[in-house]
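Asker: Dropping a structure here in structure tokens format, bear with me for questions.
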Amino acid sequence: MALESCIAFLLADELDAEEYALFGPKTPVITRRIRDDDDNDDDDGGEGDGDDGDKNYFSATVPSLSVLDFQKYFQLTQTQVEELVRLLSPCEWATSKLEGWTVTHAVLASLWTLSTLEPHVSVAARFHTNEAIICHQLNEFCSLVMTNFVDKIRWPKWKEAEVSVSGFSSSIGLPGTLCVVGSCVIPIERPTDVTDPEAYQDSENAYSVNLMTFCDHKGCFTFVTAEHPGSWHNSKVFLETEVGRSLQDDPLNLLHGKHIIGDATFPLSEHLLTPFPDYGTLGEKKLRYNLKVGSALKIVHGSLYSLRSRFQRLRCLQMNTITQTSLAVKTCCTLYNMYLETNNVDVDCLEEHSIVQEPFHELPNGHSGSLGGISKRQDIAASLGRKPKKDSPKTYGRQWYDV
């Protein structure tokens, strides 16, 4: 009943689109209109009728709340929210001593905050609390989610790796592909927990971090990092990630002969394949290869678009430390993977505006790729006209192990 009461309270008000004006015209907003047929009747009530009106609204709204409506407002199913509440209830919450404030309130308020661009002060008013509690509680929620649901973002291995490789091969036509990598920029406030805050400032004097994600064939996040400056080139961010370092130290431990697909901003190697540079002279097989690489990249770009559409707070993350920012971004990615457990997202029809950067091979310290990468890319392009060989699940599974 506590969950239903909180839900009904959240649905009682319509989000005012004018409240989002302060975020600027560059921030795309999908306003969630939440209105009950009897909303306009609120103005007719006199003093002292508020509580009775709320109770009547609760009893009228909760029973009629469909499964789709619940997930539309909170991104997760009611069962998943109840599981969140159950697993996070034993944890120590700083707000647990507040009278009338439960873990259910904390979870729903945090999901609401992450899912909308409603100002924190308005979220606080919605929950009859203050802005400081909403902000502090959000940080707590993100920390607890990442501690208790760390397995929701995991690198594919064993059976999951076989399924991902098979999925890319059958849907895209690129054999041996384990994951695809992409990135976008997450706007933040000036960070206070780094030695050089201005490193996170771009040419337009805005602060941001680079969200770099790796996805499987379904668009599920398998690795996420969001702690490096948004002004950094993808190739530099990639080398600083755990995946990038693992590929340098011992790639067989991570990929076992398979590879990752990335765009031209990443360095070509036998472990990370990129498109052929196109100067208008590519042959048919190389053009076909590039088209398939583009189809693979749509998966990660579509996932990033869907992520930021469902968790709109990522379009204007009001946090001033990189630690809190990274935690919030990873939490949204974790919740998105949970969303995918019960929903299929057609990421092919979604397109995130990726970071506009120079191709790696055109950078002053760039190169055209390793010999192994050039050779492997040529071989795959040449094989696209032939029937691909099936991967051997048994061999792949025996030799895969953790990094």
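Asker: With a Förster radius of 41 Å, plug the Cβ-Cβ distance of Gln78 and Ser383 into 1/(1 + (r/R0)^6) and report the FRET value to the nearest 0.05.
Answerer: 0.30
Asker: Among 217-224, 118-125, 277-284, how do they line up from the highest to the lowest mean number of other beta-carbon atoms within 10 Å? Could you put the intermediate results ahead of the total?
Answerer: Details: 217-224: 21.8, 118-125: 17.8, 277-284: 10.0.
My ranking of the peptides, most packed first, is 217-224, 118-125, 277-284.
Asker: A follow-up question, please. Checking the a/c ratio against 1.5 first, then a/b against b/c, what shape does the Cα gyration tensor give for segment 83-126?
Answerer: Note, shape of segment 83-126 comes out oblate.
Asker: What does the C-alpha gyration tensor say about the overall shape of segment 109-234? Classify as rounded when a/c is under 1.5, otherwise prolate if a/b is larger than b/c, or oblate.
Answerer: oblate
Asker: Summarise the accessible area of segment 145-200 (1.4 Å probe, protein heavy atoms) by the percent that is carbon and sulfur. List each step's numbers first, then the result.
Answerer: Numbers: 1340 of 2420 Å².
Here carbon and sulfur together make up 55 percent of the probe-accessible area.
Asker: Now for a separate question. Quick one: accessible area per residue over segment 259-382, 1.4 Å probe, rounded to a whole number of Å²?
Answerer: 42
Asker: Follow-up. Any number yet on Rg/Rh for segment 191-316, C-alpha, Kirkwood? Let's see the in-between values first.
Answerer: Numbers: Rg = 16.4 Å, Rh = 16.4 Å.
Across segment 191-316, the Cα-based Rg/Rh ratio is 1.00.
Asker: As a test of the definition: which semi-axes, in Å, follow for segment 185-237 when you take the square root of five times each eigenvalue of its alpha carbon gyration tensor? Largest first, please.
Answerer: On the way: eigenvalues 114, 22, 19 Å².
Whole-Å semi-axes of the equivalent ellipsoid: 24, 11, 10.
Asker: Explain nothing, just compute: Karplus ³J(HN,Hα) = 6.51 cos²θ - 1.76 cosθ + 1.60, θ = phi - 60°, for every residue of segment 155-171 in order, whole Hz, x for Gly and Pro.
Answerer: Karplus-based 3J(HN,Hα) across segment 155-171 equals 5, x, 8, 6, 5, 4, 5, 4, 5, 5, 4, 5, x, 5, 5, 7, 8 Hz.
Asker: In addition: Taking all protein chains as present, what is the carbon and sulfur share of the accessible area of segment 274-337, in % to the nearest whole number, probe 1.4 Å?
Answerer: 51
Asker: Below 8 Å, C-alpha to C-alpha, sequence gap of six or more: please give me the relative contact order for segment 185-339 in percent.
Answerer: Relative contact order comes out at 30 percent.
Asker: How many nm is it between the label spots at Ser171 and Leu252, if each spot is 7 Å from the Cα in line with the beta carbon?
Answerer: According to this spin-label approximation, the distance is 3.1 nm.
Asker: Right, something else. On a C-alpha basis, how far is the centre of segment 229-275 from the centre of segment 139-193 in Å? Whole number, if you could?
Answerer: 14
Asker: Long-range amide H contacts for Ile188: which residues qualify at under 5 Å (H placed 1.01 Å from N, peptide plane, sequence gap of 5 or more or a different chain)?
Answerer: For Ile188, whose amide H was placed from the backbone, the distant partners under 5 Å are Tyr207, Ser208, Val209.
The values are calculated or read from the model by the stated rules, or taken from the named source; none is laboratory data. If you're wondering where the values come from, they're calculated on a predicted model, not measured in any experiment. Cβ atoms come from the backbone with ideal geometry, glycine included; neighbour counts cover every protein chain shown. For the accessible areas, the whole protein counts, side chains as well, though only heavy atoms, and no ligand, DNA or RNA atoms are used. Shrake-Rupley method; radii C 1.70, N 1.55, O 1.52, S 1.80 Å.
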